[in-house]
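Read the figures in this text as sums done on the coordinates, not as results from a lab. A quick note: this is a predicted structure, and the numbers were derived from the prediction, not measured. With ideal geometry, Cβ positions are generated from the backbone for all residues, glycine too; neighbour counts draw on all protein chains shown.
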Amino acid sequence: MAVLVALVSFLAACSPAPKAVPAGRVLVVGADGLEWSVLRPLLAQGKCPNLRALMERGSFGHLGTMTPTLSPILWTTIATGQMPERHGIQGFTDADTQQYTSASRRVRAVWNVTSLHDVPTNVFGWWITWPAEELCGTMVSGASATALVDVNWKPSILPDVPDQVFPAERTAEVMEIVKRASSDAEVARLAQRIFGAQDADLGPKEKELVQQTAWSIAADATYAEVACAMMKAHPAALNLVYFGGTDVVAHRFWRYYEPSAFQWPARPDTEALWQKAAPGSKPLAELLGGPRAASALARAIPNYYEWFDELLGKLIASAGPDVNVVVISDHGFHAFSTEAPNAKLITGHHLDGPPGVIVAAGPSFARQDGVEAFVKGTNVVPHGNVLSIMPTLLALMGIPSSREFPERALGDLLTGAAHEHGALELVPSHDAGFRPAKKLDVSPAMEQAFRERFGSLGYIGLDDAGTETPRLVDPKRFDPGAKPPDKE
Ligand SMILES: [Zn+2]
């Protein structure tokens, strides 16, 4: 505890005496769309050893999610513990089809609340955090800009975008890392590792899918390096890191990963179905690379997961000894468009709300037995939902929850002081005195880039995405065989 107190006094943005006493340090690693059915065989084969080690000494299971199952909504729900109609982030873009910014959020996120209590907090690449917010710690925002026009929709950090780092004087330090971690050579090396394919074997459509994923590879590599360096240079009690590529690769390469779920491209009327989906397009047979491409790309999703596990190991090492680690995903994934191809060849999806992943290990977390049975089985083990994370993190930080939160801390997972903090008397609200939400003027170029990127996934094409009533999905009742709500 003395370490935490000493650490606070070094940070100019925080008051020297914290108003809360954390139970321990915490690292939250968010992996978009991380799915147990992909992890299970990998864990059984000894792949993803860092996640497995956390499971062996901690707790694990399914995190319930909600519909509409869209990343900006869910990651803001996770960070605020409040429903979308309260936190105000209802999709990728607002009613005027303008991108949301951190100024659009109507309630305090966990980093705002910890800052109120002078608890140092670092945030890296989280959704809807651009422009970077003033906090007690370091924030490297998730932004989007014209440079992202080549069809990617995940938060990134780019040179020449203003206000990506708080405190601003750490910008040069961060940008040095960005340059190195996302160099052309480094991204090409990682893409080769993940796709393992020769360019000559891929069809033009497959090259496009690879290219669309490459930007997320660059973003994930960059945020991992930035987070490792900044956590060492500027340690904090609470650290949050977000990765988007686990979602991107699953949307695009599920058909190669689980070909048995897909009737096309083998069925005789595939070309007719393709012409219906993408009128005037070249024949699908010309756009796809054939068996060699298929066999290389079959490993794309597992390869990405294995790479993510390596990044997880590096983050844990950089966060220092005795850190509490929480790995979460906002939703799971499954096969999509199995009967006929869709125009964008998106073959994995989650809009019907499959449950996500939660793994939590460290001095403040309980140890749950049965890793082997869980890894070998298909059993659903529910541990709360996306609304449970905020109160749980506050308990770890020694801060009471608010009566406005629909869910409480995950008491079954917590031990010691964190468990006791979970039972602290609730405060009426954490949002008194929070700045009013406002719409920021984003340059038209940046906005256009944003829209085009989202368009590539088809999210924006879902007319009702912004009006669907948010609804929690019980992980035990989730039926992957049910008809998805969208038509794509
Ligand atoms: Zn997704």
Problem set entry | Cross-link table K232/K476; K205/K438; K314/K438; K376/K476; K314/K476; K47/K476, entries beyond 30 Å C-alpha to C-alpha | K232/K476; K205/K438; K314/K438; K314/K476
Exercise. At what distance in nm do the modelled label points of T415 and Q263 sit from each other, each positioned 7 Å from its Cα along Cα→Cβ?
Worked result: 5.2
For this session: Would you give the gap between the C-alpha center of region 86-135 and the C-alpha center of region 175-219, rounded to a whole Å?
Result: 29
For this session: State whether region 135-253 is rounded, prolate or oblate according to the following rule on the C-alpha gyration tensor (a ≥ b ≥ c being the square roots of its eigenvalues): a/c under 1.5 gives rounded; otherwise a/b larger than b/c gives prolate, and the remaining case gives oblate.
Result: prolate
Seminar exercise, completed: Most packed first (mean Cβ within 10 Å per residue), the peptides 237-250, 346-359 order as 237-250, 346-359
Exercise. What is the distance, in nm, between label points placed 7 Å from the Cα along the Cα-to-Cβ direction at E306 and at K476?
Worked result: 3.7
Exercise. Convex hull volume of the Cα atoms in region 223-342, per residue, in Å³?
Worked result: 131
Problem set entry | Fewest-first sequence of E206, E425, E258 by Cβ atoms within 10 Å of each Cβ | E425, E258, E206
Exercise. For the pair A185 and R292, how long in nm is the line joining their label points, each one 7 Å along Cα→Cβ?
Worked result: 2.8
Problem set entry | Packing-based order for 390-397, 82-89, using average beta carbon neighbours within 10 Å, highest first | 390-397, 82-89
Problem set entry | Cα centroid separation, region 298-365 to region 43-84 (Å) | 7
Seminar exercise, completed: The answer for GluC sites (Glu not before Pro) in region 278-379 that fall in a DSSP coil and have at most 15 neighbouring Cβ atoms within 10 Å is E339
Exercise. Regarding region 27-473, what are the three Cα extents along the principal axes, ordered largest first, in Å?
Worked result: 64, 52, 43
Exercise. Per-residue ellipticity at 222 nm for the chain, helices alone: DSSP H runs ≥ 4 residues times -39500 (n - 2.57), over residue total, nearest 500 deg cm²/dmol?
Worked result: -11000 deg cm²/dmol
Seminar exercise, completed: Per the C-alpha gyration tensor (a ≥ b ≥ c, the square roots of its eigenvalues), region 214-288 is rounded if a/c is under 1.5, else prolate if a/b beats b/c, else oblate; here it's prolate
